[in-house]
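Report on one structure; see the data block that follows.
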Amino acid sequence: QVQVVESGGGLVQPGGSLRLSCAASGSIFSINDMGWYRQAPGKQRGLVATITRVGSTNYVDSVKGRFTITRDNNKNMMYLQMNSLKPDDTAVYYCNADVMTLTYRRTIAWGQGTQVTVSS
């Protein structure tokens with residue numbers, strides 16, 4: 001079994017910053033791609049940013065230049081530094097991990113989500 005837990009969400013004013021963390025644990029041999037997704041009320045879950053095991057990154061256009069995704073392979077951790085936050089960034093943010101388990105099976109793991117609210 002693989003578990004993924006997000007943390008770091010909260011309430012912040014427009015222009016502020018937050019740093020989200022994602023911790024993966026369980027029957028993990030290695031983690032390939034990881035990513036952050038978000039879902040606002042009434043909308044589908046969408047991609048925010050992805051990062052490969054070797055550190056290649058991609059961002060949705062709306063967060064480019066403001067958000068930075070990083071990871072620590074030795075700790076099975078991923079982070080999302082969010083700067084210059086806007087009200088449109090308000091959503092539940094989810095961590096996603098493409099995991100190779102100890103039995104060499106691939107599984108896609110999702111966290112429970114952490115709420116980010118940007119409001120004055």
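The values are calculated or read from the model by the stated rules, or taken from the named source; none is laboratory data. As the structure is a computational prediction, the values presented were derived from the model and not from experiment. Using ideal geometry, Cβ is built from the backbone for each residue, glycine included, and neighbour counts are taken over all protein chains shown. Each accessible area value is taken on the protein alone, full model and side chains, heavy atoms only, with ligands, DNA and RNA left out. Shrake-Rupley method; radii C 1.70, N 1.55, O 1.52, S 1.80 Å.
Numbers at a glance
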| item | result |
| --- | --- |
| Share, in percent, of DSSP beta bridges within the chain that are antiparallel, nearest 5 | 95 percent |
| Contour minus Cα-Cα distance for residue 43 and residue 60 (0.36 nm per residue) | 4.5 nm |
| Qualifying chymotrypsin sites (Phe, Trp or Tyr not before Pro) in the stretch 86-120, DSSP loop, other Cβ atoms within 10 Å at most 14 | 104 |
| Normalised alpha carbon radius of gyration of the chain [divisor 2.2 N^0.38 Å] | 1.03 |
| Fully extended contour minus Cα-Cα distance, from residue 3 to residue 77, at 0.36 nm per residue | 25.5 nm |
| From the C-alpha gyration tensor of the stretch 30-78, square roots of 5λ in Å | 22, 13, 8 |
| Where the chain is the region considered: accessible area per residue in Å², 1.4 Å probe | 54 Å² |
| J(HN,Hα) series, the stretch 43-54, from Karplus relation 6.51 cos²θ - 1.76 cosθ + 1.60, nearest Hz, glycine and proline x | 10, 6, 5, x, 5, 9, 7, 10, 8, 7, 4, 8 |
| Radius 13 Å from Cβ of residue 31, net charge of other residues (Lys, Arg +1; Asp, Glu -1) | +1 |
| Two-decimal Rg to Rh for the stretch 1-52 - Kirkwood Rh, Cα set | 1.02 |
| Kirkwood estimate for the stretch 56-120, i.e. one over the average of 1/r between Cα atoms, Å | 13.8 Å |
| Antiparallel bridge percentage (DSSP; both residues within the stretch 1-61; nearest 5) | 100 percent |
